[in-house]
Structure formats: structure tokens, C-alpha cells
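One structure is given below, encoded as C-alpha cells.
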């Protein structure tokens, strides 16, 4: 199954298009994807039914990281011999954290029912 759009959602001042991919686990976000006017998040939904919390965790991870990137809270250290996404550094104060959580909540409340429907639909097949 190719990626399927769940729609464009408002996360604070950010509008992000959220996709699901029934053929994989994990997720990723794109700040400036080709061919789209919106940043995008892809959430893999190839999990067992009892793994719904893992699917939600992937969505939350990608939402928070995308927002931290756009809000200037995510930093990339100087390149090294072995570069990977595990080297990102996040820095924010308590007020920024509150803004981040509030922004994330806006979109998460809206996207969760659609993600749940896609997850259940995938499991029914």
C-alpha cells in the first residue's frame, strides 16, 4: 500500500499533512517535501492490534520532532564519521516546552480518530 493522506492538520501555527503507510513501521517527517505545499509526517501502521500504543508513539515522536525543528529547538551537531538521526540535540526552556505541547495537542486531537480508523482498517484486512 502506498502512503495515504489523512489530511492537513493544524499544530499551533504549523499546518502539517499526515500520511499513513500500511506496509511499514516507524515514521518520519519532511519539512519541505517535493510536490507539496505542506510539511508532512508519515506514520507506519504495520503493527499488531495490541501495538496501537506504539503507533501512537510514532505519531507523537514525529509531531514533536517536526515542531521542535520548525520552532528552532532541534540542532544538528557538526558532522562526524557516523552521522545518524540519533545525534540530534534538542534545547528549549519551560515556556517553549509549554508552547510545543500546546501546539502538538491541537493537531493530535484532530488526527487521532483518523489514525485509529486507518489502523483498525489495516488490521481488518
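How many of the residues in region 75-109 are without any contact (Cβ under 8 Å) to a residue 40 or more places away in the chain, surrounded by 10 or more Cβ atoms within 10 Å (Cβ to Cβ) and touching a strand residue (DSSP E or B) at 6+ places or on another chain (Cβ under 7 Å)? Count: 4. Does region 59-66 include one or more residues that are assigned to a loop (DSSP other than H, G, I, E, B) and in contact (Cβ under 8 Å) with a residue 24 or more places away in the chain? No - not one qualifying residue is present in region 59-66.
Within region 1-55, the residues that satisfy the criterion of being touching a residue at least 40 places away in the same chain (Cβ under 8 Å) and under 16 Å from residue 106 (Cβ atoms) are 6, 7, 9, 10, 11, 12, 13, 14, 16, 18. Being surrounded by 12 or more Cβ atoms within 10 Å (Cβ to Cβ), out of contact with any strand residue (DSSP E or B) (no Cβ under 6 Å at 6 or more places or on another chain) and at positive phi is a description that does not apply to residue 26.
Which residues, taken from region 6-47, are closer than 11 Å to residue 122 by Cβ and part of a loop (DSSP other than H, G, I, E, B)?
22, 23, 45, 46, 47
Values in this text are rule-based calculations from the coordinates and carry no lab data. Just so it is clear, the structure is predicted and the values come from calculations on it, not from any experiment. Every residue, glycine as well, gets a Cβ built from its backbone with ideal geometry; the counts of neighbours run over all protein chains shown.
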